[in-house]
Amino acid sequence: MRILLVEDDRELGQAVLSSLQHEGYATDWVRDGNAALHALKLEHFDLLLLDLGLPDLDGREVIRILRQRNQNLPVLVLTARDAIESRVRALDLGADDYMIKPVEIAELCARIRALVRRRTGTATPRLQLGLLELDLSSKQAFAHGRALDCSAREWSVLEYLALHAGQVISKEQLIQAIANWDQMLSANAIEAYVHRVRSKLGDCGVVIRTVRGFGYMLSETEHGS
Ligand code: CA
């Protein structure tokens, strides 16, 4: 799991970075808001750990721009500010949770796990939808218990749609979710991946519908069990 840490305080940033790496999270650290937005544009992260008081772009501005771009990764705000309005505004702008500094690493890791669980809607790394089962650790999909032969990009598309089952996902969102594979991915390429994933799913109680003008939605069919 990949985390982007945005913190301008060197000592605190270093401490959080090494703790998270020690916990097994692949963590990258940037020190200002613009660098964060740049990194989030280029690469896929599973969670953003964001300081609110940053030298250039305020943390809340980072969240606002992020949500405008339809990047919906979980955002955990770190703040030294005790003004409640500041935290409320961050939550209103689309932050998922906040912690007041100084943070206890054990609690920080617990909150990260909770956010990721909440986002994926699952307590285990296996996701079951109809007769489709995804093993999120080994990146293997099974339909009727048989392994599906998916390429890395097809898997990424399927995983993202399955983790957001019941929600309409735009092609832009899909591109961002798998942008680390190919930053030049086009909308046409996404259509091709979705087409291939659809044909591989077959009749397993799960369909990927095209929502014209908006994107795609993966959901269980009525007959799915
Ligand atoms: Ca700061």
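Read-outs: derived from the displayed coordinates by stated rules, not from any lab. None of these values were measured; they are calculated from a predicted model. Positions of Cβ are backbone-derived with ideal geometry, glycine not excepted, and every protein chain shown enters the neighbour counts.
Computed from Cα positions, the angle between helix 105-120 and the longest principal axis of the chain comes to roughly 30 degrees.
Within the chain, the longest segment free of exposed loop sites, counting chymotrypsin sites (Phe, Trp or Tyr not before Pro) that fall outside DSSP classes H, G, I, E and B and have at most 15 other Cβ atoms within 10 Å, spans 1-180. What shape does the stretch 2-120 take by its C-alpha gyration tensor, where a ≥ b ≥ c are the square roots of the eigenvalues and a/c under 1.5 counts as rounded, a/b above b/c as prolate, and the rest as oblate? It is rounded, given that a/c, with a ≥ b ≥ c, falls under 1.5. How far is helix 59-68 tilted off the main Cα axis of the chain, in degrees rounded to 10, range 0 to 90? Computed tilt is about 20 degrees.
Need one number: % antiparallel among DSSP beta bridges in the chain, to the nearest 5. Display every interim value, and only then the final one.
Working: 17 of 34 bridges.
Counting DSSP beta bridges with both partners in the chain, the antiparallel share is about 50 percent.
Counting only residues at least eight positions apart within a chain, or on another chain, the lysines with an alpha carbon under 19 Å from that of Lys171 are Lys41. The helix-only estimate of mean residue ellipticity at 222 nm for the chain, built from DSSP H runs of length n ≥ 4 each weighted as -39500 (n - 2.57), is -12500 deg cm²/dmol after division by the residue total.
Once the Cα atoms of helix 187-201 and of the chain are each reduced to a long axis, what angle between those two axes, in degrees from 0 to 90 to the nearest 10, is obtained? With rounding to tens, the tilt is 50 degrees. Taking GluC sites (Glu not before Pro) in DSSP loop conformation with at most 13 other Cβ atoms inside 10 Å as exposed sites, the chain has its longest uninterrupted site-free stretch at 105-221.
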